[in-house]
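Since the structure comes first, as structure tokens, the remarks are kept for the end.
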Amino acid sequence: MFAYPGEDFYANVKVEILPLSGYSESKKALLGNFDYILASGDNQRNYKLKPSLNGFEIQGLDRSKREGGVVGIYLLFDDPTRTVTTIYFLNQEPPRRFATMEEYSALRDQFLNDYTSCIRRKLPAAK
């Protein structure tokens with residue numbers, strides 16, 4: 001869980017290393033679940049997002065309005081290490097770091113860049 005000092009949690013991050021056996025199938029299933037979530041609500045795919053960020057394959061979706069507990073879900077894949085990261089960006093109660101979806105988008109993009117840069121430096125080099 002990530003938070004800014006004195007504020008509610010902002011991001012819930014789940015990191016998994018999937019087994020070599022079945023990695024491809026697991027990745028396809030995760031992407032299928034992502035597409036299901038995208039189709040079943042007030043969510044929008046983040047088309048501004050490049051398909052790769054600091055060496056991670058990335059997929060993202062955001063709510064169109066600032067409501068509910070989760071305002072965005074992002075999947076990051078690192079195939080050489082079979083690392084899958086799911087990031088849930090959380091709506092915040094006052095005091096809030098973001099009041100609009102535009103402010104959320106800027107904060108989200110900075111977090112994704114900083115997080116993936118930091119993790120990339122610590123992951124083993126691809127063989």
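The values are calculated or read from the model by the stated rules, or taken from the named source; none is laboratory data. Here the structure is a predicted model, which means the values were calculated and not measured. A quick note on method: Cβ atoms are made from the backbone with ideal geometry, for glycine too, and the neighbour counts reach across all protein chains shown. In case anyone asks, the SASA skips ligands and DNA or RNA and just uses the protein heavy atoms, side chains included. Shrake-Rupley method; radii C 1.70, N 1.55, O 1.52, S 1.80 Å.
Does at least one position in region 112-121 carry a residue that is surrounded by 18 or more Cβ atoms within 10 Å (Cβ to Cβ), of a type in the set (Asp, Glu) and under 13 Å from the mean Cα position of the chain (by Cα)?
Checked against the condition, which is being surrounded by 18 or more Cβ atoms within 10 Å (Cβ to Cβ), of a type in the set (Asp, Glu) and under 13 Å from the mean Cα position of the chain (by Cα), region 112-121 yields no hits at all.
Scanning for something part of a strand (DSSP E or B) and in contact with a Leu (Cβ under 7 Å, 6 or more places away or on another chain), does region 27-35 turn up at least one residue?
no
Within region 1-26, how many residues are aliphatic (A, V, I, L, M), in a loop (DSSP other than H, G, I, E, B) and either within 22 Å of residue 97 (Cα to Cα) or free of Cβ contacts under 8 Å to residues at least 40 places away in the same chain (or both)?
So the answer is 1.
With the requirement that a residue be of a type in the set (D, E, K, R), surrounded by 12 or more Cβ atoms within 10 Å (Cβ to Cβ) and in contact (Cβ under 8 Å) with a residue 12 or more places away in the chain, what does region 27-57 give you?
Of everything in region 27-57, those that are of a type in the set (D, E, K, R), surrounded by 12 or more Cβ atoms within 10 Å (Cβ to Cβ) and in contact (Cβ under 8 Å) with a residue 12 or more places away in the chain turn out to be 27, 45, 57.
Spot the failing condition for residue 108; the list is (1) touching a residue at least 40 places away in the same chain (Cβ under 8 Å); (2) open to solvent by 40 Å² or more (accessible area, probe 1.4 Å); (3) not in a strand (DSSP E or B), and only one is missed.
The number of the failed condition is (2).
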